[in-house]
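A.B. asks: Take a look at the following structure, please.
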Amino acid sequence: MEFHVSLDGRGDLVARIYRSLRDGVRDGRLRPGDRLPPSRELARTLDVSRGTVATAYERLTAEGFLEGRVGAGTFVAAGAGAGVDVGAGAVGQAGGAASPAPRDGGLRPRPGWVAAPWSPGPRAAARYDFTVGVPDARLFPYDTWRRLIAAEWRHGREPAGYADPAGHPGLRDAVARYVGYARSVRAGADDVVVTGGAQQALDLVARVLLAPGDVVAVEEPGYPPAREAFAAYGARVVGVPVDGDGLVVSRLPAEARLVYVTPSHQFPLGVAMSLPRRLELLAWAGAHDAGIVEDDYDSEYRFADRPLEPLHGLDAGGRVVYVGTFSKTLLPGLRLGFVVVPPGLHRAVRTARSLADGHGPVATEAALARFMDEGLLARHIRRTAKVYGERRSALLAGLDGALAPYLEPVPSAAGVTSRWVVEFFDHCAGSVC
């Protein structure tokens, strides 16, 4: 990629080329060792004479910014710009370029973004990592996945142009059949929009349903990224307490436009919303003309009690938006999830997805569709559920042992359990670590 030489500013052409290259060296856009284009080539690009470019190069060389190497070309000199004070973007004494000087003008984020948390990425490795909700990557069927992805590319199934923002048709159909069979969610392929994980699903819902100042009710305690997603759109987020039956519907603010819940496995307390409470919430939403976002993030891994009917399956009024993810069953890094929306939101949510990022990775979505159609997802869930169930038993046994005087387990019938649990309690061997 060529460095852009600007001819803007005052002075003759030589002065403008000189100033553009000199400033590039000073602020670090041109670094020591970078090769400049030959004078003939740059002259053709700028539509000036070769002599004009050569004169600018000679002046920069004489001042120590550039150096010529016989048979190789013209390069930014080692140490060029060192010690030159150009503000925060100055090139360091060792010749390494720092960040360009900030141009801090009048642009500021909306209030909802001012206090928004920033995720710095993966955390430093810990001896025992008990992070909740993260599947064991060692259980992922890498060989099978590589075969499916390779087949999509080998047979040229990746489209040359843009794809459907709602997602690969085969995957939408597979998801509709999957949630219908496994979770009693009545949906067709047209109701499904494939997303970049559950978080993008929440973002799309917020885009199409919320206006600044709208009230969104969330569980308290609850899932922080959901709260933050709604707040970023200017919504007023109100926490509603949770008891042994789930969200306390009687405490919902009457003006709430949207209610976000995790009824199958409340995050982080682990309780399941009782059937009477689910029916009460649906009745409340109908009476207050509100929507419900049902985040069913890990219902595949349930080890006690019979799964309750999802809110979506009980909803007769088209009030529930059902959000699911493959981050818990497969890998978070695949960034694949989905949202099941009522007919009135079909067009809006698809348009929002198109405006957000066009569409998802088609080959990846197509590979997942085949993974599901061939029964491989169901097989993977059965295999991993056995592993997570054994770890859960080990966790409960460990908490009932040496740690019993210090900790009281909160009853929870679902979820993935870290592989570190077994190693932790084996290492403790009856003592408190």
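The values are calculated or read from the model by the stated rules, or taken from the named source; none is laboratory data. Everything numeric here is computed off the predicted structure, so don't read it as measured data. Cβ placement follows ideal geometry from the backbone for every residue including glycine, while neighbour counts extend to all protein chains displayed. Protein only, heavy atoms only, side chains kept; ligands, DNA and RNA dropped before computing areas. Shrake-Rupley method; radii C 1.70, N 1.55, O 1.52, S 1.80 Å.
A.B. asks: Can you name every residue in segment 305-332 that is without any contact (Cβ under 8 Å) to a residue 60 or more places away in the chain, in a helix (DSSP H, G or I) and under 18 Å from Leu202 (Cβ atoms)?
C.D. replies: Within segment 305-332, Leu311 is the sole residue that qualifies.
A.B. asks: Give the residue that is nearest to Ala77 (Cα to Cα), with candidates limited to residues of segment 42-55 that are open to solvent by 60 Å² or more (accessible area, probe 1.4 Å) and over 43 Å from the mean Cα position of the chain (by Cα).
C.D. replies: Restricting attention to segment 42-55, the residues satisfying the condition of being open to solvent by 60 Å² or more (accessible area, probe 1.4 Å) are 44-45, 47, 49-50, 55.
Now restrict to residues that are over 43 Å from the mean Cα position of the chain (by Cα): 44, 47, 49-50, 55.
Working: Arg44: 24, Asp47: 26, Ser49: 24, Arg50: 22, Thr55: 17 Å.
Applying the filter and picking the extreme gives Thr55.
A.B. asks: Another question, if that's okay. Enumerate the strands (runs of 3 or more DSSP E) found wholly within segment 159-278, keeping only those where 2 or more residues are open to solvent by 20 Å² or more (accessible area, probe 1.4 Å), within 29 Å of Leu355 (Cα to Cα) and among the β-branched types (Val, Ile, Thr).
C.D. replies: Numbers: elements: 192-195, 215-220, 236-243, 256-261.
In segment 159-278, 236-243 are the strands (runs of 3 or more DSSP E) which contain 2 or more residues that are open to solvent by 20 Å² or more (accessible area, probe 1.4 Å), within 29 Å of Leu355 (Cα to Cα) and among the β-branched types (Val, Ile, Thr).
A.B. asks: Filter segment 279-304 down to the residues that are open to solvent by 40 Å² or more (accessible area, probe 1.4 Å) and outside any loop (DSSP other than H, G, I, E, B), then identify the one that is nearest to Ala254 (Cα to Cα).
C.D. replies: Only one residue tops the list, namely His288.
A.B. asks: State which residue pairs qualify: first residue in contact (Cβ under 8 Å) with a residue 40 or more places away in the chain and inside segment 373-400, second residue assigned to a helix (DSSP H, G or I) in any location, beta carbons under 7 Å apart, and separation of 6 or more residues or different chains.
C.D. replies: So the pair list comes out as Asp373/Ala174; Leu376/Thr144; Leu377/Phe371; Thr384/Leu139; Val387/Leu139.
A.B. asks: Can you tell me which residue within segment 305-343, out of those that are over 15 Å from Arg183 (Cα atoms) and of a type in the set (Gly, Ala, Ser), is surrounded by the fewest Cβ atoms within 10 Å (Cβ to Cβ)?
C.D. replies: The qualifying residue surrounded by the fewest Cβ atoms within 10 Å (Cβ to Cβ) is Ala316.
A.B. asks: For segment 11-41, give me each residue that is of a type outside the set (Ser, Thr, Tyr), open to solvent by less than 60 Å² (accessible area, probe 1.4 Å) and over 45 Å from the mean Cα position of the chain (by Cα).
C.D. replies: Once the filter is applied, which keeps residues that are of a type outside the set (Ser, Thr, Tyr), open to solvent by less than 60 Å² (accessible area, probe 1.4 Å) and over 45 Å from the mean Cα position of the chain (by Cα), segment 11-41 yields Gly11, Val14, Ala15.
A.B. asks: Follow-up question, since we're still on this one. State all residues of segment 181-224 that are touching a strand residue (DSSP E or B) at 6+ places or on another chain (Cβ under 7 Å) and among the charged types (D, E, K, R); if no residue qualifies, say none.
C.D. replies: Asp191, Asp214, Glu219, Glu220
Residue-by-condition table, conditions (1) in a helix (DSSP H, G or I); (2) over 28 Å from the mean Cα position of the chain (by Cα); (3) modelled with pLDDT of 70 or more; (4) not small (Gly, Ala, Ser):
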{"position": "Leu368", "(1), (2), (3), (4)": "yes, no, yes, yes"}
{"position": "Arg382", "(1), (2), (3), (4)": "yes, no, yes, yes"}
{"position": "Ala385", "(1), (2), (3), (4)": "yes, no, yes, no"}
{"position": "Ala397", "(1), (2), (3), (4)": "yes, yes, yes, no"}
{"position": "Glu408", "(1), (2), (3), (4)": "no, yes, yes, yes"}
{"position": "Phe425", "(1), (2), (3), (4)": "yes, yes, no, yes"}
{"position": "Ser431", "(1), (2), (3), (4)": "no, yes, no, no"}
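A.B. asks: Output the qualifying pairs, or none if there are none: Cβ atoms under 8 angstrom, residues six or more apart or on different chains, first residue in segment 271-284 and without any contact (Cβ under 8 Å) to a residue 40 or more places away in the chain, second residue of a type in the set (Asp, Glu) and open to solvent by 30 Å² or more (accessible area, probe 1.4 Å).
C.D. replies: Correct list of pairs: Met273/Asp245; Ser274/Asp245; Leu275/Glu309; Pro276/Asp245; Arg277/Asp245; Arg278/Glu309.
A.B. asks: Another question, then. Pick from Ala363, Ala348, Ala352: which is in contact (Cβ under 8 Å) with a residue 60 or more places away in the chain, among the hydrophobic types (A, V, I, L, M, F, W, C), open to solvent by 30 Å² or more (accessible area, probe 1.4 Å) and not in a loop (DSSP other than H, G, I, E, B)? So that I can check it myself, show each step before the final result.
C.D. replies: Working: Ala363 fails: open to solvent by 30 Å² or more (accessible area, probe 1.4 Å); Ala352 fails: open to solvent by 30 Å² or more (accessible area, probe 1.4 Å).
Just one listed residue meets the conditions, Ala348.
A.B. asks: Quick one: in segment 286-335, of everything that is more than 22 Å from the chain's Cα centre (by Cα) and of a type in the set (Lys, Arg), which residue is modelled with the highest pLDDT?
C.D. replies: For segment 286-335, the residue satisfying everything is Arg319.
A.B. asks: Looking at (1) open to solvent by less than 40 Å² (accessible area, probe 1.4 Å); (2) farther than 17 Å from Leu7 by Cα; (3) not acidic (Asp, Glu), can you tell me which one Ala62 breaks?
C.D. replies: Single failed check for Ala62: (1).
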